[in-house]
Amino acid sequence: MSTAPDLRRDGHANGSPEEKPEIVISIRHLSNSFGEQIVHEDLDLDVRRGEILGVVGGSGTGKSVLLRSIIGLQTPDSGEISVFGQQVIGRPDSELQPIRKRWGILFQGAALFSTLTVAENVQVPLREFYPRLSEKLLDEIAAYKIVMVGLPADTGSKYPAELSGGMKKRAGIARALALDPELLFLDEPTAGLDPIGAAAFDTLIRDLSKRLGLTVFLITHDLDTLYSICDRVAVLADHKVVAVGTIPELLALDHEWIQEYFRGPRGRAAEEANEAAAEEEAAARGEDSRR
């Protein structure tokens, strides 16, 4: 298989074949290691504006390390990373602040501050970047974001310990969206959720992406998520991105891990569920058009 990661030749995932996609994240020749353990070596990846890109790989392939490298929590051994056309590796925090305002992050488990209410959690990035905002405006913004992610209006006064797992995830998304970002990072967003809760969360991410014009970088092992909301999927193996494309494009590749992952029992079940959902959606559209 070719080592060139991008399988597509037709431009933006959401645009016409003639349009050249705008690249929001560009990674070139990235290398990460911990002692003698090589995690990434000469890794390349582009993330296009407006797409939901799923990132998958086996245990130890460095999915979270890749995310941490992009957002500046991990200093790579070598390579280049640009976000919104600006290099981010090695730059002082003062120069990165304008870039960080333009992204939001949902870490695994939501990572809410347990001693703050949900509203106060949502206000954390607002207070960091806009310290002169009035308390009234902070409260109004937090209330709006909480309702935006599908939580009841009274959730703002609750503490994380009072929330279910799914509600915590939604509160984490509300905080990630506090600054009206263009780019959203999600690290295993459906982990720990039951199938119904995971499906509802996938729907939320898809709807928010469309409504707000978000670019989403999504690390996941959830095959249902990959099939239902991802425009493309990047596969990490052998210390690099070995391929990136739509799931049908990936399935056409003769790569052992890709075939085992997507052709296994769980992969086939996710594919069948996605096909059934697509048929139901098409039938519903047909009924609406006849009314």
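The values are calculated or read from the model by the stated rules, or taken from the named source; none is laboratory data. Computed from a predicted structure; not experimentally measured. Cβ atoms come from the backbone with ideal geometry, glycine included; neighbour counts cover every protein chain shown.
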(message) Could you check the range 117-152 and list, in sequence order, the residues that are more than 24 Å from residue 192 (Cα to Cα), in contact with a helix residue (DSSP H, G or I) (Cβ under 8 Å, 6 or more places away or on another chain) and not charged (D, E, K, R)?
(response) 123, 124, 125, 126, 129, 133, 138, 141, 142, 143
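Just to be sure before I move on: is residue 62 within 17 Å of residue 32 (Cβ to Cβ), buried (at least 19 other Cβ atoms within 10 Å of the Cβ) and at pLDDT below 95 in the structure I sent?
Numbers: within 17 Å of residue 32 (Cβ to Cβ): yes; buried (at least 19 other Cβ atoms within 10 Å of the Cβ): yes; at pLDDT below 95: yes.
Yes; evaluated as a whole, the condition is true for this residue.
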(request) Within the range 201-213, work out how many residues are surrounded by 16 or more Cβ atoms within 10 Å (Cβ to Cβ), over 12 Å from residue 106 (Cβ atoms) and of a type outside the set (S, T, N, Q). (result) 2
(request) Identify, by number, the condition in (1) touching a Pro at 6+ places or on another chain (Cβ under 8 Å); (2) without any contact (Cβ under 8 Å) to a residue 24 or more places away in the chain that residue 138 doesn't meet. (result) (1)
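Would you mind stating whether residue 244 is crowded, with 16+ Cβ neighbours inside 10 Å and either basic (Lys, Arg) or touching a helix residue (DSSP H, G or I) at 6+ places or on another chain (Cβ under 7 Å) (or both)? I'd like the intermediate steps shown before the answer.
On the way: crowded, with 16+ Cβ neighbours inside 10 Å: yes; either basic (Lys, Arg) or touching a helix residue (DSSP H, G or I) at 6+ places or on another chain (Cβ under 7 Å) (or both): no.
Here the answer is no, as residue 244 does not meet what is asked.
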(message) Against the conditions (1) at pLDDT 95 or above; (2) more than 29 Å from residue 202 (Cα to Cα), where does residue 88 fall short? Just the number, please.
(response) (1)
(request) Select from the range 233-251 the residues that are free of Cβ contacts under 8 Å to residues at least 24 places away in the same chain and either touching a Ser or Thr at 6+ places or on another chain (Cβ under 9 Å) or in a strand (DSSP E or B) (or both) and list them in ascending order. (result) 238
(request) Report yes if some residue within the range 12-28 is outside any loop (DSSP other than H, G, I, E, B), at pLDDT below 95 and either aliphatic (A, V, I, L, M) or farther than 19 Å from residue 232 by Cβ (or both); otherwise report no. (result) no
(request) Could you list, in sequence order, all residues of the range 210-232 that are part of a strand (DSSP E or B) and over 24 Å from residue 164 (Cβ atoms)? (result) 215, 217, 232
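Inspect all residues belonging to the range 82-96 and state whether any of them is assigned to a loop (DSSP other than H, G, I, E, B) and over 24 Å from residue 64 (Cα atoms).
Start the filter on the range 82-96 by keeping residues that are assigned to a loop (DSSP other than H, G, I, E, B), which leaves 84-85, 88-92.
Among the residues that remain, those that are also over 24 Å from residue 64 (Cα atoms) are: none.
No, because not a single residue in the range 82-96 is assigned to a loop (DSSP other than H, G, I, E, B) and over 24 Å from residue 64 (Cα atoms).
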(message) Take the residues in the range 97-151 that are of a type in the set (A, V, I, L, M) and assigned to a loop (DSSP other than H, G, I, E, B); name whichever of them is farthest from residue 64 (Cα to Cα).
(response) 133
(request) Among the candidates 154, 207, 202, 254, single out the residue that is charged (D, E, K, R), in a helix (DSSP H, G or I) and in contact (Cβ under 8 Å) with a residue 24 or more places away in the chain. (result) 202
(request) List the number of the failed condition for residue 253; all other conditions in (1) in contact with a helix residue (DSSP H, G or I) (Cβ under 9 Å, 6 or more places away or on another chain); (2) more than 20 Å from residue 184 (Cβ to Cβ); (3) modelled with pLDDT of 95 or more hold. (result) (3)
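Scanning for something over 17 Å from the mean Cα position of the chain (by Cα) and either farther than 24 Å from residue 51 by Cα or touching a residue at least 40 places away in the same chain (Cβ under 8 Å) (or both), does the range 170-189 turn up at least one residue?
Taking the range 170-189 as the starting set, the residues that turn out to be over 17 Å from the mean Cα position of the chain (by Cα) are none.
No, the range 170-189 has no match at all.
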(message) Please go through the range 171-197 and give me each residue that is of a type outside the set (Val, Ile, Thr), in a helix (DSSP H, G or I) and either buried (at least 21 other Cβ atoms within 10 Å of the Cβ) or touching a Cys at 6+ places or on another chain (Cβ under 7 Å) (or both), ordered by number.
(response) 171, 172, 174, 175, 176
